[in-house]
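Chemist: The structure's right below; bear with me while I get my questions together.
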Amino acid sequence: MKLISTLFEKKTLTTLAAALLMFSATTSFGQVSLVCTSPTSTIYGLDGNGEIYPIKTANAKTGTIVKNSTYPGQTPASANGIGYNTFNGKFYYFKRNTTSAPQEFVSFDPTLNVVTTLANSTATDDIHTGCINFNGTGYYTTDIQGTLSYYNIATNTWTLITSKIVDQGGNNISTLIKTQSAGDMAIDGLGNIWLLTSSSANYGLYKIPAPLPTTPVAQLNVIRIINPTATTPTGNSFAGIAFGTSGQMYMSTKNDNRLYVMTTINALTFIGIFDKSDVGNDLTSCSFPTSILPVTWESFDVSVQNNNNVTLNWDVIEYQDKGFYVQHSMNGTDWEDLAFIPAKNNSESVQSYSYSHINNLNGKQYYRIKQVDLDDRSSFSEVRTITLKNDQQNITVFPNPATDHIRIVGNSSNDNLAKAQIFDLSGKMLIEQKLLTGSNTISINKLPVGAYIVRVESNNGTAYNQKIIKQ
């Protein structure tokens, strides 16, 4: 027993010593392994010498180096195309670009400080873009000839996907990439690639919708988000992009070392100048957000004609939205959906929408618009108020059309409501409910879609009838 114990103690000490030696080797060149501990405030930059730095998104300042320029074998040459894999904790990038013979596509494990040379790519020219897909199984890149390639991490193999990328207007984006040459790409949490193209004067943004191909295709269709004639801020090309956790897009320039953030389409804000030259050569992050660059509210106005005809007009810059809910409230707290307006989804220009609401209520009324993305995330317009004077009508039934319920409101304090009845067009009563003074809600969610008559009776014997539509 003592011999076994002694052997166990020696084995434990040996293992501990090996671990300490490995840790010493990992940190001997100033490397750190604390990657992706602060995804809300940190992205990562790769310079042309193969150095990787964390970058603070608040001020563009770099932190402790993650990977220095010391590599086994060949020295780095025009390193680019970095992407981070949140599943295995490795960076993937071109240590030596495709025209720097020999090319070297590598993975780097910051925890173990291990660089692994992987299979040569199918790209035919220099690489300026690269990203890992959101489930960590593969890597995508485009070369400056506009060719899209895919790397399968499990099999260590490359596939040339296509050399023809076309947007919704029929424009050949592969040709544009050849012309603008700079740029980068990133993948969101829904599996879409966001491709930035840039020259020193102009830039554009495209979305390659999921599911992304992993086998060759003759043509890849993409969605143009920002026209490629957009002007760069300082006459220097954008070289890197990376997502923040809230769907904002960080964008870096190479020659003048600047960091920007785009929070909505065309809303580009300067953050700062990098304290490490060329760190904006390429960017990546640990974030895969599902809502990217939300809708931009340009304007929202409410007006009234003939005392009760309320018109709502709003202008937005949008893309890939589901649509808009028009909402009304009598107190600014409890909101009712009046209608759903499908989105036009034309990101090339400001889109205008309008909705009319017949409102027979009296007093102050509140309106707002609720925007909904395809992933059901939402944003709201500002709240607008108007004051109505409808003395001729003492009872209001709304919304109309309705979906789940209707509300019945007595507009006069002297109007004592008794009951409400809902009939189909044949005269058959389907619902009857006692009413209270003020506002009442009646559920109609079990009624089939169609037209109905609502009859509201008061305690004084008067009655009010209104036709409604159940959607």
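Chemist: I'd like to verify a number: residues in the range 92-138 that are assigned to a strand (DSSP E or B), within 24 Å of the chain's Cα centre (by Cα) and β-branched (Val, Ile, Thr), how many?
Modeler: 1
Chemist: Would it be correct to say that Gly73 is at pLDDT below 95, at positive phi and assigned by TED's automatic domain parsing to the domain that holds Thr214?
Modeler: yes
Chemist: Please specify each residue of the range 139-171 satisfying the condition of being farther than 30 Å from Gly89 by Cβ, more than 25 Å from the chain's Cα centre (by Cα) and of a type in the set (S, T, N, Q).
Modeler: Answer for the range 139-171, where residues must be farther than 30 Å from Gly89 by Cβ, more than 25 Å from the chain's Cα centre (by Cα) and of a type in the set (S, T, N, Q): Gln145, Thr162, Ser163.
Chemist: Now a separate question. For Ala79, state whether it is surrounded by fewer than 22 Cβ atoms within 10 Å (Cβ to Cβ) and modelled with pLDDT of 95 or more.
Modeler: no
Chemist: Applying the selection to the range 139-155, what residues are more than 19 Å from Ile173 (Cα to Cα), hydroxyl-bearing (Ser, Thr, Tyr) and not in a strand (DSSP E or B)?
Modeler: Matches in the range 139-155: Thr155 only.
Chemist: Considering Asp321, Asp337, which residue is under 27 Å from the mean Cα position of the chain (by Cα), crowded, with 16+ Cβ neighbours inside 10 Å and outside the structural domain of Asp167 (by TED's automatic domain parsing)?
Modeler: Just one listed residue meets the conditions, Asp321.
Chemist: Tell me which of these Ser252 doesn't satisfy, since it passes every other one: (1) touching a Leu at 6+ places or on another chain (Cβ under 6 Å); (2) in the same structural domain as Pro54 (by TED's automatic domain parsing); (3) under 27 Å from Glu382 (Cα atoms).
Modeler: (3)
Every residue, every condition in (1) surrounded by 15 or more Cβ atoms within 10 Å (Cβ to Cβ); (2) outside the structural domain of Asn97 (by TED's automatic domain parsing); (3) in a helix (DSSP H, G or I); (4) of a type outside the set (Ser, Thr, Tyr), yes or no:
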| position | (1), (2), (3), (4) |
| --- | --- |
| Thr179 | no, no, yes, no |
| Met185 | yes, no, no, yes |
| Gly204 | yes, no, no, yes |
| Pro216 | no, no, no, yes |
| Ile225 | yes, no, no, yes |
| Pro228 | yes, no, no, yes |
| Gly247 | yes, no, no, yes |
| Leu268 | yes, no, no, yes |
| Ser277 | no, no, no, no |
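The values are calculated or read from the model by the stated rules, or taken from the named source; none is laboratory data. Given the structure is predicted, the values throughout are model-derived calculations rather than measurements. Quick reminder, even Gly has a Cβ in these numbers, built from the backbone with ideal geometry, and neighbours come from all protein chains shown.
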